[in-house]
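Comments concern the structure below.
The values are calculated or read from the model by the stated rules, or taken from the named source; none is laboratory data. Note that the structure is predicted; figures quoted are calculated from it, not measured. Every residue, glycine among them, receives a Cβ derived from its backbone with ideal geometry; neighbour counts consider all protein chains shown. Note: accessible area is taken over every heavy atom of the protein model, side chains too, but ligands, DNA and RNA are not part of it. Shrake-Rupley method; radii C 1.70, N 1.55, O 1.52, S 1.80 Å.
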Amino acid sequence: MTEVKFYEEAADELLKFAVIIAKSGDKWIFCKHRDRDTWEAPGGHREPGENIADTAKRELYEETGALEFTIRPVCVYSVTRTEAPGGEESFGMLYYADVKTFEEELHSEIERIILTKELPKEWTYPEIQPKLLTEVSKRMESGQEESHA
């Protein structure tokens, strides 16, 4: 089983990845990695010495081709795979982005993106990604994420 938790903050050195729940207009943006048949939110691992906000911007660009966008932090989240020996909790930063324009072509491991009002049925990380999207949606409805900008 995979456990997902949300936090208002965490020590910077704990943040290993950034995930971006993104929209363009009223449509969600999802990516399909060329080695998988599933959909995922843009995101990825932090490079050594990289600021976590820069990780989010880089990953959003690399995985969606987003050129013009606004992005803001939502909250810290953690994932613990309880079935794994030791069950270590790993931390990431969750962002929300509103994308205005995209590059013509993708230049990464992402095969294609979709813009859709419907959520995917086939998630790459089904125990994690829907929870992240739900948390962002909940905070946007309450206006709570604005306080983290």
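Does segment 30-43 hold any residues that are surrounded by 14 or more Cβ atoms within 10 Å (Cβ to Cβ) and of a type outside the set (A, V, I, L, M, F, W, C), and which are they? Once the filter is applied, which keeps residues that are surrounded by 14 or more Cβ atoms within 10 Å (Cβ to Cβ) and of a type outside the set (A, V, I, L, M, F, W, C), segment 30-43 yields 32, 33, 38, 40, 42, 43. Selection of segment 44-59 for residues being of a type in the set (Asp, Glu) and open to solvent by 60 Å² or more (accessible area, probe 1.4 Å) yields 47, 54.
State which residue pairs qualify: first residue farther than 11 Å from residue 103 by Cβ and free of Cβ contacts under 8 Å to residues at least 24 places away in the same chain and inside segment 56-71, second residue among the β-branched types (Val, Ile, Thr) and open to solvent by 40 Å² or more (accessible area, probe 1.4 Å) in any location, beta carbons under 8 Å apart, and separation of 6 or more residues or different chains. As it stands, the answer is 57/71, since those pairs meet every condition given.
Just to be sure, is residue 62 over 16 Å from the mean Cα position of the chain (by Cα), over 20 Å from residue 143 (Cα atoms) and open to solvent by 60 Å² or more (accessible area, probe 1.4 Å)? So residue 62 fails the test.
With (1) without any contact (Cβ under 8 Å) to a residue 40 or more places away in the chain; (2) buried (at least 20 other Cβ atoms within 10 Å of the Cβ) as the list, and residue 87 as the residue in question, which single condition is left unmet? Among (1) without any contact (Cβ under 8 Å) to a residue 40 or more places away in the chain; (2) buried (at least 20 other Cβ atoms within 10 Å of the Cβ), the lone unmet condition for residue 87 is (2). One residue alone among 27, 5 is surrounded by fewer than 19 Cβ atoms within 10 Å (Cβ to Cβ) and under 24 Å from residue 106 (Cβ atoms), and that residue is 27.
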